[in-house]
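The structure appears right after this line, and notes come after that.
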Amino acid sequence: MELFKNNLEKELFKGLQMCKEKIIIISPFMSLNIAEKLVQIVKDKNIDCKIITRFDRKSFIEKASSLDALKLLIENGVQILVLKDLHSKVYIMDNKRCFVGSANFTNKGLNINHEILLLFDEIAEVEEFNSYANELLTSIKEFGDWLLTIERIQSEKDTIEDYEEGQKQKEKISDSWGADLRSEELVDESPIVLSVPAGDTIHLIGRYCVHAHPISSGYNYTPTEYIAFRKAKGGVMDKIYFIDKKFPLEMKEWRNEIEKIEISDKLKENVINYIVNRYRDFEFDKALKYKFYLLSLLCDLPNEPHPQANNAGGWFYRMKDLKESSGHVYTVRQKEKNYSMSKE
């Protein structure tokens, strides 16, 4: 086994160039310039190449993965199978050598991010990864027709083009297509929603789907996927948002730092507009660093649920209660306390 921490693209393609018959690549994300180099090898040597990857709309919108790369690969005879929730990165060459690590088959994964690749060339070791890859290939085929086609790619391109022109429905952002090999699990029908006061920034949250708070002991939220914002003078909550991404920014250097974040140009524009407008109305004066949240609207709350008293702090509600309550709504803790008292 050999560990590589630098020059990952060079080392990986050195191995790919040595292939004579077969390549299997397992990587959630693909980029066009890396795919072009693989296509050249496949064409020059008439290699049988199979790829397992993800097909998540959000990653295409945010440029984490490339539809053009997938299209190019298929046009040049590469077979691509799609698997939901894929995270593995495995590169197998002629069933004799194998790279495994954290690096996606992308320019950032192989050249920019801090990643590693481990090279295995002992037959016994490589066979373990061969078995893993073949099991995935077989399972995906058994669970349905998850072979990626040019038609599927073109349809996805059309949908994303509509989205980028302003159709920002939540279901379009979150769609994910591919085989799902997970065992059947119970789904929580009543997830927990964090509620926080938004004060004078609530109009900016609604306009740009961005929220930020100072990073300090009094403001660190408990991890959650859903968030609602309480208005001033009563604490009415009128929307529930899904938290798509979180990242910190040093506010003195925010213009430089935001360019380093791996999000789409449109999302960067939203963050910039949020910051500029917030500086006008509600300055970033409570800390040197702020945590930012990129949001997408999950649903409206037309019944105007609100707490009995709109005190400061973050509270937890069940989504079901927020959707169904009209008037006062009880937090999870309050409901548990009331339930315990009723049993006494």
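Here the Karplus curve 6.51 cos²θ - 1.76 cosθ + 1.60, taken at θ = phi - 60°, turns the phi angles of segment 73-88 into couplings of 5, 5, 4, 10, x, 7, 8, 10, 10, 10, 9, 5, 6, 5, 10, 5 Hz, with x standing for Gly and Pro. Here segment 98-147 and segment 191-270 have alpha carbon centers that stand 36 Å from each other.
Relative to the first principal axis of the alpha-carbon coordinates of the chain, what is the inclination of helix 150-164, with its axis defined by its Cα atoms, in degrees from 0 to 90 and to the nearest 10? It works out to around 30 degrees. Once the convex hull of all Cα atoms in segment 226-310 is built, its volume per residue stands at 117 Å³.
Using the structure shown, list the pairs from 266/320; 246/268; 63/289; 37/96; 89/289 with a Cα-Cα distance above 24 Å, or answer none. Before the final figure, lay out the partial values.
Numbers: 266/320 32 Å; 246/268 13 Å; 63/289 26 Å; 37/96 21 Å; 89/289 33 Å.
Over 24 Å Cα-Cα: 266/320; 63/289; 89/289.
Restricting to the chain, what percent of DSSP beta bridges are antiparallel, rounded to 5? The partial results should precede the final answer.
Numbers: 39 of 55 bridges.
If I count the DSSP bridges inside the chain, around 70 percent turn out antiparallel.
Please arrange 96, 22 by how many other C-beta atoms lie within 10 Å of their C-beta, fewest to most. Don't skip to the end; give the middle numbers.
On the way: 96 19, 22 14.
In increasing order of surrounding Cβ atoms, one gets 22, 96.
Taking a straight Cα-Cα cut-off under 13 Å and skipping sequence neighbours fewer than 8 places away in the same chain, the aspartates and glutamates within cross-link reach of residue 71 are 36, 151, 156.
In the chain, helices alone account for a calculated mean residue ellipticity at 222 nm of -11000 deg cm²/dmol, with every DSSP H run of four or more residues adding -39,500 (n - 2.57).
Placing unit charges on the Cβ atoms of the charged side chains and taking the dipole of the chain about its Cα centre, the candidate lying farthest along the positive direction among 211, 297, 105 is 211. Secondary structure note: in segment 2-164, about 60% of the DSSP beta bridges are antiparallel.
Here each label is just a point 7 Å from Cα along the line to Cβ, and for residue 203 and residue 85 those points are 4.3 nm apart.
The angle between the Cα long axis of helix 8-17 and the main principal axis of the chain comes to about 30°, on a 0 to 90 degree scale. Helix 32-45 and the longest principal axis of the Cα set of the chain meet at an angle near 20°. Packing here is the average count of other Cβ atoms within 10 Å per residue, and on that basis the peptides 252-260, 224-232, highest first, run 224-232, 252-260.
Within the set 58/239; 245/335; 43/141, which residue pairs have Cα atoms separated by over 27 Å?
245/335
Under the criterion of Cα pairs below 8 Å and six or more residues apart, the relative contact order for segment 2-164 equals 28 percent.
Given the alpha-carbon gyration tensor of segment 2-164, what are the semi-axes of its equivalent ellipsoid in whole angstrom, ordered largest first, with each equal to the square root of 5 times an eigenvalue? Provide the component values of the computation, followed by the final result.
Details: eigenvalues 121, 63, 46 Å².
Three semi-axes, in Å: 25, 18, 15.
For the chain, the relative contact order is 16 percent, taking Cα pairs closer than 8 Å that sit 6 or more residues apart in sequence and dividing their mean separation by the residue count.
Could you compute the net charge surrounding residue 258? Neighbours are other residues with a C-beta less than 12 Å from the C-beta of residue 258; K and R count +1, D and E count -1. Once all neighbours under 12 Å are counted, the net charge is -4.
Count Lys and Arg as plus one, Asp and Glu as minus one, and take only other residues whose Cβ is under 15 Å from that of residue 1; the net charge is then -4. Projecting the alpha carbon convex hull of the chain along each direction and taking the average yields 21.7 nm².
Since every read-out is calculated from the coordinates, none of them should be taken as a lab result. Worth saying up front: this structure is predicted, and the values here are computed from it rather than measured. A quick note on method: Cβ atoms are made from the backbone with ideal geometry, for glycine too, and the neighbour counts reach across all protein chains shown.
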